[in-house]
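The values are calculated or read from the model by the stated rules, or taken from the named source; none is laboratory data. This is a predicted model, so every value here is computed, not measured. Cβ sites come from the backbone with ideal geometry, for glycine too, and all protein chains shown count toward neighbours. What goes into the accessible areas is simple: the full protein's heavy atoms, side chains included, and nothing from ligands, DNA or RNA. Shrake-Rupley method; radii C 1.70, N 1.55, O 1.52, S 1.80 Å.
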Amino acid sequence: MVDESKSVHYVKAEDKVPFLKKLAYAAGGPVDILGVWVMVSIAYQVFNFELKMPPTYVAIILMSLRLWDGVADPVMGWISDNTRTKWGRRRPYILVGSILSAVTYPLIWWFPRELTQTQTMGWVIGFGILFYSCFTIWAMPFQSLLMEMTPDYNERTRIASVRGIFQTLAGLFNGFCWWLSLLPVFYVNGAASPINGMRYISLGIAATMLLLG
């Protein structure tokens, strides 16, 4: 009998992904986290606590964006699956999607302060849908690319593990995002201004999307 606990899985040379390529792919992991979870984690603090928007409005914002994402994702996945170019069926969308995502993300947060609560909700939903449409162009091909980098299951697991490290680091930033928006550097007239903070933080997130995406 063969002791399976001592068996070793060898990856074929042609199926191995060089570490630098693993690193390059994994570096896009934070974009996936920042694009989705920053809004989810601080929506109530910003819109309910700071702007005094009814919790129902905040729930409508989050629900609308997630519903749209649920529709756009499979459509973009189908488009990417059926695309044929000399650069592959994923890379062109990853390039274009990262640029569009970086351009549209700050628009969610740079709404005019004189808007009513209903108008602000409409602004965030409208530009949020625009952003998620662009983000989907990046996200679906990015996620799908992992399965095509190598046919070897264990090698794909290693790539996903490296990506997970980057995503964990982005998750730490996500957890401190509200605290960062309250820093004195973002004060307005000597008082904390989370809205002002999130506007400038959104520019940093957009730059991250552009560089790492």
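By accessible area, using a 1.4 Å probe on protein heavy atoms only, the chain has 67% of its surface on carbon and sulfur.
FRET efficiency for the pair residue 103 and residue 200, taken as 1/(1 + (r/R0)^6) with r the Cβ-Cβ distance and R0 = 22 Å, rounds to 0.85. Relative protection proxy for 111-120, 27-36, 143-152, from highest mean packing down: 27-36, 143-152, 111-120 (other beta-carbon atoms within 10 angstrom). Pairwise Cα distances in the stretch 137-201 exceed 17 Å for 60 percent of all pairs. Solvent exposure of the stretch 45-148 amounts to 51 Å² per residue of accessible area, where only protein heavy atoms count and the probe is 1.4 Å. Dividing the convex hull volume of the alpha carbon atoms of the stretch 12-97 by its residue count gives 136 Å³ per residue. Working from the Cα coordinates of the stretch 35-148, the gyration tensor eigenvalues give, after taking √(5λ), semi-axes of 31, 13, 11 Å in decreasing order. Label-to-label distance, residue 158 versus residue 176, with points set 7 angstrom from Cα along the beta-carbon direction: 3.2 nm. For q = 0.12, 0.17 Å⁻¹, what log10 I(q)/I(0) does the chain give under the Debye formula with an equal point scatterer on each alpha carbon and no solvent? Taking Cα atoms of the chain as identical point scatterers yields -0.69, -1.17. Where does the stretch 85-126 land on the Kirkwood hydrodynamic radius, alpha-carbon pairs, in angstrom? For the stretch 85-126, inverting the mean 1/r across all distinct Cα pairs yields 12.4 Å. Compute the FRET efficiency between residue 110 and residue 165 as 1/(1 + (r/R0)^6), taking r as their Cβ-Cβ distance and R0 = 41 Å, and round to the nearest 0.05. Taking R0 as 41 Å, the efficiency between residue 110 and residue 165 is 0.80. Taking the empirical scaling 2.2 N^0.38 Å for compact globular proteins as reference, the stretch 134-174 has a Cα radius of gyration ratio of 1.32. Only the Cβ atoms of Lys and Arg (+1) and of Asp and Glu (-1) were treated as charged; on that basis the dipole of the chain about its Cα centre amounts to roughly 380 debye.
For the chain, the longest principal axis of the alpha carbon atoms and the long axis of helix 91-104 meet at an angle near 10°. Treating r as the C-beta distance of residue 119 and residue 75 and R0 as 30 Å, the FRET efficiency rounds to 0.55. Sorted largest first, the spans of the alpha carbon positions of the stretch 90-210 along the three principal axes are 57, 27, 20 Å.
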